[in-house]
Each structure stands twice: as structure tokens, then as C-alpha cells.
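Read the structure below first, then the notes.
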Amino acid sequence: MKRLIVVLLVILATGFLTLCSHMDTVMKVVDQTTTPANVPANASVNGKYYTLLQVVRCPNDAGQYGQFYDYGAWSGSSWCNQTVQSGYWVWVNPNWYIWQNQR
């Protein structure tokens, strides 16, 4: 019986240590669902939008939209020869940032 308890404790401890060793990865995934670190702050309009869905590189749009433009909701499916998602669109030259949610 003692041997069984010891074996169970070793299994539990090993599982816990494995979970702890991956916690930084888990936290990075959680952080990526809000605003990833490599996205400019103004791409979310300083927190107005959250949960980044897609980044669409489209440097040719700079002529029409300048350096920054909060386009808002758009439900298109194609832009700049790319398949895109519906959401809240923000232009920060040279990319469109498509967000799922608005505060």
C-alpha cells in the first residue's frame, strides 16, 4: 500500500512539474489573444479593439489611408489579393489589423 501511494505521488509530482515548465508557453498564448507585443499600440486604437484575428500586409493602401485609419467594421472576404476575415479594421501603414471585438 505504501509503495502504491509513493508511486501515485511521484506521478502527480511529475505531472505538476511538467505543467509548470510549460506555463510560460500557456501565458504567451493567452497574451496573444489580446494584443500581441509586436503590434503597434495604435493598431488597437489604444484598446478600443481587442482579440486580433489577422494582419493583412497591403502597402499600396498607404496612398488612400495614410499612416493611420480606423476603418471600423467591415465584412468583406477578400482584400489585397488575400482572403480576409470580417471584423474591425484598423490601418497602420503598411498593414491592416483585423480585430474580433470592440470595447
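Filtered by the rule that a residue be within 17 Å of Gly87 (Cβ to Cβ), in a loop (DSSP other than H, G, I, E, B) and not small (Gly, Ala, Ser), the stretch 46-70 gives Lys48, Cys58. The combined condition, being surrounded by 13 or more Cβ atoms within 10 Å (Cβ to Cβ), modelled with pLDDT under 90 and not in a helix (DSSP H, G or I), is fulfilled by Thr35.
Counting only residues that are part of a loop (DSSP other than H, G, I, E, B), of a type in the set (Ser, Thr, Tyr) and surrounded by fewer than 12 Cβ atoms within 10 Å (Cβ to Cβ), the stretch 71-103 holds 2 of them.
The values are calculated or read from the model by the stated rules, or taken from the named source; none is laboratory data. Please read these numbers as outputs of a predicted model, since none were measured by experiment. Backbone-built Cβ (ideal geometry, glycine too); neighbour counts: all protein chains shown.
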